[in-house]
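Each remark here refers to the structure printed beneath this line.
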Amino acid sequence: MQHFSILKSLIRVALAHDSEPLRHQVERLAAAMTDAGDDRDAAALVQLLNSRERSTKLAPSRMKRSTIAAGERMTASVRVPVDKDSAAPLATVYMPEALDATLPLFPASVQDNVDALVREWAKADQLLEAGMQPSQSLLIYGAPGTGKTTVAMWLAQQLHLPVVVARLDGLISSFLGNTARNLGSLFDFANRYECVLVLDEFDAIAKLRDDPNEVGEIKRVVNALLQNMDAREGRGVTIGLTNHEMLLDPAIWRRFEVQLAVPLPGLEQRTVIASRLLDDGLTAEAKLIAWLCDGASGAEVQTMATKYRKRRLLRDDPNAAPIETALQVARSTSIRVESDRRRQIELDEAPLTVELATADGLFNHAELAQLFKCSTKTIQRRLSEFVGEGPNSGE
C-alpha cells in the first residue's frame with residue numbers, strides 16, 4: 001500500500017490513547033489488507049495491536065498503594081536528607097507525573113518475571129486475604145546498558161508512587177562511621193513516605209564482608225544496610241541495581257524476594273531496538289545493525305542505530321550503499337563489536353555477502369541487494385562463486 005509507513009505511524013500514535021472503537025477499526029483494516037493479499041502490512045498492524053494490548057495489560061490502572069507502601073503522601077516540595085558534613089543530598093526524588101519510562105524489550109523468560117511481579121502488586125488484596133504479602137524487594141542485576149534503571153522506573157510508574165533514588169556521592173562519606181549513619185537517614189526518609197526506594201550501584205554499599213581488600217568500615221556499612229532493609233520490610237518497595245552481582249554479600253541476596261537477571265539482548269531484540277530508531281521500511285538496515293551489535297547491550301544498539309541514521313542523513317554521496325555507512329559506523333565507534341564481527345566487516349564485498357547470507361537466515365537476497373545497492377542477480381552471482389569454497393577461502 002502506498003504511504004503505508006505514514007498510516008502505520010498515525011495508528012501507532014492513536015493507539016497510545018487506546019479505545020475499543022479504534023482497535024476495532026484497525027482490526028477491520030488488517031482483515032481487509034489480508035483479503036487483498038497484502039499480508040505483510042496486515043501483519044504489521046496486528047503486531048501494533050498486540051504490542052499495545054500487552055502494554056495495557058501490564059499497567060493496571062487501579063493498583064492500591066496502601067497494600068504496597070505505607071506512610072505519608074509525598075509532595076514535590078519534600079526536603080531530602082543530606083550528609084551532615086558535606087551537605088550533599090542523599091537521594092533524588094522523582095514524582096509519579098515526572099516518570100515516563102518504557103519497559104525495555106526483554107526475552108520471554110525475563111518478561112514473564114516482570115509480568116508476575118506487576119500481577120502480584122495489582123492483586124495484592126487477594127494475596128493479603130490468603131495470608132501472603134506481595135513482593136516488596138527486588139534486585140536487578142546485569143551488564144551496563146541493559147535497562148536496569150529503566151525497569152526500576154517503569155515498575156514505580158505502575159505503582160503511581162514517587163521514586164527515591166539513592167545518591168552514592170552523598171551516601172558514601174570519607175569520615176569513619178558516616179556512611180552507615182547516612183544509610184540510616186536515607187531509610188528513615190524512605191520509610192516515612194509512600195515511595196519506591198531505588199539503590200543504584202548497589203554493590204558500592206553491599207560488598208562482601210570477607211573481602212580482604214576492604215577495611216572494617218565496609219563491614220559496618222553492610223551490617224547497617226542489612227538492619228535498615230529488615231526494618232523497611234512491609235513499609236514499601238525497595239529495588240537494588242548492580243552491574244557487579246558477584247561482589248554482593250550473600251546475606252544481601254536473601255533480603256530480596258525477587259532477583260531479576262537482565263541479559264544482553266538477543267538478535268531479535270536487537271533488531272526491534274534498532275528498527276524503533278530508524279525510519280519505517282528500513283528493515284534490512286535494522287537487521288544489519290543488530291548483526292553488527294552481536295554481544296552489545298540495548299543502549300549500545302540504540303547508539304549504533306542513532307549514529308547510523310545521522311551518517312545516512314548527512315552522507316556526501318546520496319548513492320552510497322547502506323552497508324558502507326553501517327560498516328563505517330562500526331569501525332569508528334566505541335560500541336563493543338565482537339572480534340568475530342570485526343574480522344567479518346573487514347572482508348571484501350563478495351565474502352561479506354556470503355557471511356551475511358549465511359547468518360542464520362537473517363537476510364534474504366532482496367535485503368542483501370538493498371544493503372549493497374546492487375541487483376539480486378549480483379548477490380546470486382557472488383554466492384554461487386563461493387559455493388564449495390566458503391567465504392574465508394584463501395585466507
Quiz item: Which members of the stretch 116-155 meet the condition of being under 26 Å from M246 (Cα atoms) and either in the same structural domain as V301 (by TED's automatic domain parsing) or in a helix (DSSP H, G or I) (or both)?
Solution: A116, L117, K148, T149, T150, V151, A152, M153, W154, L155
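Yes/no per residue for (1) among the β-branched types (V, I, T); (2) modelled with pLDDT of 90 or more; (3) over 22 Å from E355 (Cβ atoms):
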| residue | (1), (2), (3) |
| --- | --- |
| W253 | no, yes, yes |
| E257 | no, yes, yes |
| V262 | yes, yes, yes |
| T271 | yes, yes, no |
| S275 | no, yes, no |
| G281 | no, no, yes |
| V301 | yes, yes, no |
| R309 | no, yes, yes |
| I323 | yes, yes, no |
Exercise. Name, by its number, the condition in (1) surrounded by fewer than 19 Cβ atoms within 10 Å (Cβ to Cβ); (2) out of contact with any helix residue (DSSP H, G or I) (no Cβ under 8 Å at 6 or more places or on another chain) that does not hold for E300.
Key: (1)
Quiz item: Tell me, which helices (runs of 4 or more DSSP H) lie completely within the stretch 235-305 with 2 or more residues that are within 24 Å of L347 (Cβ to Cβ)?
Solution: 267-277, 283-292
Practice problem: Among the residues of the stretch 153-184, write down those that are at pLDDT 90 or above and of a type in the set (S, T, N, Q). | Solution: Q157, Q158, N182
Quiz item: Is it fair to say M1 is among the hydrophobic types (A, V, I, L, M, F, W, C), farther than 28 Å from D100 by Cβ and modelled with pLDDT under 70?
Solution: yes
Quiz prompt | the stretch 137-148: number of residues that are touching a Ser or Thr at 6+ places or on another chain (Cβ under 7 Å) and under 21 Å from A190 (Cα atoms) | solution = 1
Exercise. Assess whether D112 counts as being of a type in the set (D, E, K, R), part of a helix (DSSP H, G or I) and at pLDDT below 95.
Key: yes
Quiz prompt | Residue identified as assigned by TED's automatic domain parsing to the domain that holds R192 and on the phi < 0 side of the Ramachandran plot among E300, E245, E324 | solution = E245
Exercise. Filter the stretch 185-212 for residues that are modelled with pLDDT under 80 and surrounded by fewer than 18 Cβ atoms within 10 Å (Cβ to Cβ) and give the result.
Key: D210, D211, P212
Self-check item: Top-ranked residue in the stretch 352-389 [being part of a loop (DSSP other than H, G, I, E, B) and loosely packed, with under 13 Cβ neighbours inside 10 Å; ranked as modelled with the highest pLDDT]
Solution: S375
Quiz item: Applying the selection to the stretch 158-184, what residues are in a helix (DSSP H, G or I), surrounded by 20 or more Cβ atoms within 10 Å (Cβ to Cβ) and not aliphatic (A, V, I, L, M)?
Solution: Q158, G170, T179, N182
Quiz prompt | Hits in the stretch 254-281 - residues which are of a type outside the set (A, V, I, L, M, F, W, C), under 18 Å from the mean Cα position of the chain (by Cα) and over 13 Å from Q302 (Cβ atoms) | solution = Q259, P263, G266, E268
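The values are calculated or read from the model by the stated rules, or taken from the named source; none is laboratory data. Being a predicted model, the structure only gives us computed values, none of them experimental. Positions of Cβ are backbone-derived with ideal geometry, glycine not excepted, and every protein chain shown enters the neighbour counts.
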